[in-house]
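Here the structure is laid out as structure tokens; the discussion comes afterwards.
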Amino acid sequence: MFAARIAARLKGPVLWCLTRRDLFAPGLMKVGFHPDSVIYAETCRDADALPLIEEGLHQKDLGAVVGEVSRLGLTASRRLHVAAEASGVPALVIRRWWTAAQRDLTKLPTAAATRWRVSPVPSEVVPAGGLKRGRWQVELVRCRGADPRSWILEACDAQGRLALPSDLADRQEQAQVR
């Protein structure tokens, strides 16, 4: 959903290449991304998804290309990086894993300009029950010319903006006061 929110802010249709049939249209709408603006390309294997992602990056009229793969090697990531730079189409590659062996593959190097790790964290406890906005721990793992960083962010508000959770926003200042 984090990648969907980013894609929703871009102009033009989005090519979403995936190997699992689990992209949920009502969930996309919840983050402001209308399912009609998505072009779905489903394959059975990562090896089939990577050429689709690259071909999508050559189409300058797309708003973005989102690809979901388990394995992304250095050569393939370099090809995607070059294609994205040439066309100006943003590429968001989500390295999903389903087994412990696949999880270890996400630590392999890539040619990506930035590498992020996005993980869910518990939402604020609601005294009367009900659901609060989702939260993620967003970590900038690698960025040329920048240091790694980490934030906890709340899902988009009605205006489509991510936010620092209000119960965590001043925690650094509170820690210094005590």
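The values are calculated or read from the model by the stated rules, or taken from the named source; none is laboratory data. Please read all numbers here as calculations on a predicted model, not as lab measurements. Here Cβ is always computed from backbone atoms with ideal geometry, including for glycine, and neighbour counts include all displayed protein chains. The accessibility values were calculated without ligands, DNA or RNA, using every heavy atom of the protein model including side chains. Shrake-Rupley method; radii C 1.70, N 1.55, O 1.52, S 1.80 Å.
What to note about this one:
- Using the Karplus relation 6.51 cos²θ - 1.76 cosθ + 1.60 with θ = phi - 60°, the per-residue 3J(HN,Hα) values for the range 76-81 come to 5, 5, 5, 4, 5, 4 Hz, with x marking Gly and Pro.
- Local electrostatic count at THR114 - Lys and Arg +1, Asp and Glu -1, tallied over other residues with Cβ under 10 Å: +3
- The residues of the range 2-70 have, on average, 52 Å² of accessible surface per residue, using a 1.4 Å probe with all protein chains present.
- A protection proxy built from the mean count of other Cβ atoms within 10 Å ranks the segments 59-67, 73-81, most packed first, as 59-67, 73-81.
- 3J(HN,Hα) along the range 6-16, derived from phi through the Karplus expression 6.51 cos²θ - 1.76 cosθ + 1.60 where θ = phi - 60°, amounts to 5, 4, 5, 7, 8, 8, x, x, 10, 8, 10 Hz, with x in place of Gly and Pro.
- Long-range HN-HN contacts of ARG142 with modeled amide H, under 5 Å: ARG115
- For ALA64, the residues 5 or more places off, or on other chains, whose built amide H falls under 5 Å of its own are LEU15.
- For ILE94, residues with placed amide H under 5 Å, excluding near neighbours: GLY67, GLU68, VAL69
- Kirkwood hydrodynamic radius of the range 1-120, Cα pairs, Å: 14.4
- Cα gyration tensor shape for the range 39-87, rounded if a/c is under 1.5, else prolate or oblate: oblate
- Distance between modelled label sites at ARG142 and GLU42, nm, 7 Å Cα→Cβ extension: 3.2
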